[in-house]
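Data block below; observations after.
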Amino acid sequence: YLDIVKDRLYTAGKKSLSRRACQTVLYETLQTLVRVLVPVMPHQAEDIWMSIPECQKSVESALLTDWVKPNANWNNSQLEEDFSKILKAREVVTRAIEPLRADKKVGSSLEVGVYIKTADDSVLKENSDELANIFITSQAYISDEKPSDVLNEYIEDDYTVWVVKAQGEKCERCWKYRHLENGICDECKDAVNA
């Protein structure tokens with residue numbers, strides 16, 4: 001999760017919904033982990049608690065917090081199933097890119113775009129706008145046809161992944177390859193102007 005969202009934390013605008021959602025997840029994770037640490041590492045938990053902003057504390061000490069209670073609103077078996085398919089696709093894409101990095105044909109996964117072909121692509125199509133962020137590539141497409149100028153073709157299970165050079169130029173701010181104006185992409189322009 002942290003690998004996928006770190007770019008969002010650094011480059012999205014302060015009021016960006018995706019950045020704020022990520023911060024909420026990190027906040028909830030911190031609140032849970034610090035409580036779980038109390039019985040086994042009370043001094044560490046207290047050190048962490050002292051670094052949490054006062055407005056986010058319910059009591060003065062981590063030692064006085066209640067045990068974690070699961071939030072029933074977060075149980076979503078369909079989301080869990082869908083996300084496991086997305087993570088499987090991410091693993092396959094990562095394995096498709098890795099030989100290019102090992103051979104020094106690309107330095108970063110942001111230097112590539114990927115085309116994915118799979119029999120069950122409904123979940124990927126539903127989340128197509130986020131795939132490039134999840135795969136940590138500049139572009140990601142669902143396609144049944146092999147593109148031209150393929151750097152690597154990788155087949156695993158029912159996935160076929162074609163890796164190509166990313167289209168566009170490298171954004172000076174987010175390092176993704178996009179069509180740029182004045183050195184930065186539209187997303188970064190929106191973040192800077194927000």
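The values are calculated or read from the model by the stated rules, or taken from the named source; none is laboratory data. If you're wondering where the values come from, they're calculated on a predicted model, not measured in any experiment. Quick reminder, even Gly has a Cβ in these numbers, built from the backbone with ideal geometry, and neighbours come from all protein chains shown. Note: areas computed on protein heavy atoms with side chains; ligands, DNA, RNA excluded. Shrake-Rupley method; radii C 1.70, N 1.55, O 1.52, S 1.80 Å.
Just to be sure I understand, how many residues within the range 131-169 are among the charged types (D, E, K, R) and closer than 15 Å to Lys88 by Cα? So that I can check it myself, show each step before the final result.
Narrowing the range 131-169 to residues among the charged types (D, E, K, R): 144-146, 149, 153, 156-158, 165, 169.
Now narrow it down to the ones that are closer than 15 Å to Lys88 by Cα: 156-158.
Residues meeting the conditions: 3.
Determine whether the range 31-46 contains at least one residue that is over 20 Å from Ser138 (Cβ atoms), more than 17 Å from the chain's Cα centre (by Cα), open to solvent by 80 Å² or more (accessible area, probe 1.4 Å) and at pLDDT below 95. No; the residues of the range 31-46 include none that is over 20 Å from Ser138 (Cβ atoms), more than 17 Å from the chain's Cα centre (by Cα), open to solvent by 80 Å² or more (accessible area, probe 1.4 Å) and at pLDDT below 95. Among the residues of the range 155-167, is any hydrophobic (A, V, I, L, M, F, W, C), surrounded by fewer than 17 Cβ atoms within 10 Å (Cβ to Cβ) and out of contact with any helix residue (DSSP H, G or I) (no Cβ under 8 Å at 6 or more places or on another chain)? Scanning the range 155-167 turns up at least one residue that is hydrophobic (A, V, I, L, M, F, W, C), surrounded by fewer than 17 Cβ atoms within 10 Å (Cβ to Cβ) and out of contact with any helix residue (DSSP H, G or I) (no Cβ under 8 Å at 6 or more places or on another chain).
Among the numbered conditions (1) buried (at least 19 other Cβ atoms within 10 Å of the Cβ); (2) under 23 Å from Lys15 (Cα atoms), the only one that Asn133 does not meet is (1).
Among the residues of the range 107-130, count how many are in contact (Cβ under 8 Å) with a residue 40 or more places away in the chain and either buried (at least 18 other Cβ atoms within 10 Å of the Cβ) or over 17 Å from Gln167 (Cβ atoms) (or both). Spell out the reasoning first.
Let us first name the residues in the range 107-130 that are in contact (Cβ under 8 Å) with a residue 40 or more places away in the chain, namely 108, 110-118, 123, 126-127.
Cutting the leftovers down to either buried (at least 18 other Cβ atoms within 10 Å of the Cβ) or over 17 Å from Gln167 (Cβ atoms) (or both) gives us 110-118, 123, 126-127.
Looking only at that region, the number is 12.
Evaluated against (1) farther than 19 Å from Lys6 by Cα; (2) in contact (Cβ under 8 Å) with a residue 60 or more places away in the chain; (3) touching a Gly at 6+ places or on another chain (Cβ under 6 Å), Val163 falls short on exactly one condition, (3). Determine the pairs where a residue that is closer than 14 Å to Leu30 by Cβ and modelled with pLDDT of 90 or more, located within the range 52-70, has a partner that is part of a loop (DSSP other than H, G, I, E, B) and of a type in the set (S, T, N, Q) with Cβ atoms under 8 Å apart, the partner being 6 or more residues away or on another chain. So the pair list comes out as Thr65/Ser58. For the range 57-67, the set of residues classified as of a type outside the set (D, E, K, R) and open to solvent by 40 Å² or more (accessible area, probe 1.4 Å) consists of Ser58, Val59, Leu63, Leu64, Trp67, listed by residue number. Give me a count of the residues in the range 168-194 that are assigned to a loop (DSSP other than H, G, I, E, B), closer than 17 Å to Arg8 by Cβ and open to solvent by 90 Å² or more (accessible area, probe 1.4 Å). Matching residues across the range 168-194 total 2.
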